[in-house]
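For reference, the structure discussed in these notes is given below.
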Amino acid sequence: MKTYQSESWRSRHGAPPRTKSHRERILTLLRERGPRGVLASELYDQPAIYGRSPRNRVSELRKMGFDIRGQARGASDWFYWLSTETRAPQKPRSAGSTDLPLFGEFQL
């Protein structure tokens, strides 16, 4: 099985750095729209602005603590809206990271 450099980078570090700007743009749009929200198809129609996988960016925003709600629209679309604003969002965790300290306490 051939492993590409980008795959190994993702497995070690999570999403590429450019996804941060995609997340910020999606969050800005959700804030601007308020309860009117945004359709996933709108996000997918503009990959240069929101990336090729906006649902993953929405998932990352949720993990950061943003209360983004969603519901199905039609047969194949999804509707997202920012339910409440988060005061202290958390940095998204990279794949494979834990909250454990590097070195634990050791007792003899």
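Throughout, read-outs are computed from the coordinates displayed, never taken from laboratory work. Because the structure is a prediction, the values reported are computed rather than measured. Heads up, the Cβs are rebuilt from the backbone with ideal geometry, glycines too, and the neighbour counts pull from every protein chain shown.
Quote to one decimal, in nm, the extra length available between Asn56 and Arg33 on full extension: 0.36 nm per residue of separation minus the C-alpha distance between them.
Here the segment from Asn56 to Arg33 would lengthen by 6.3 nm.
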Original post:
By the gyration tensor of its Cα atoms, with a ≥ b ≥ c the square roots of the eigenvalues, what is the shape of region 16-84: rounded for a/c under 1.5, prolate for a/b over b/c, or oblate?
Top reply: oblate
Original post:
Quick one: if the Förster radius is 22 Å, what FRET efficiency do Arg18 and Thr86 give, using the C-beta to C-beta distance and rounding to 0.05?
Top reply: 0.45
Subject >> Charge dipole magnitude, Cβ of K and R +1, D and E -1 - region 24-88, Cα centre, debye nearest 20 >> reply: 120 debye
Original post:
With labels modelled as points extended 7 Å from the Cα through the Cβ direction, what inter-label distance (nm, one decimal) is found for Glu42 paired with Ser76?
Top reply: 2.0 nm
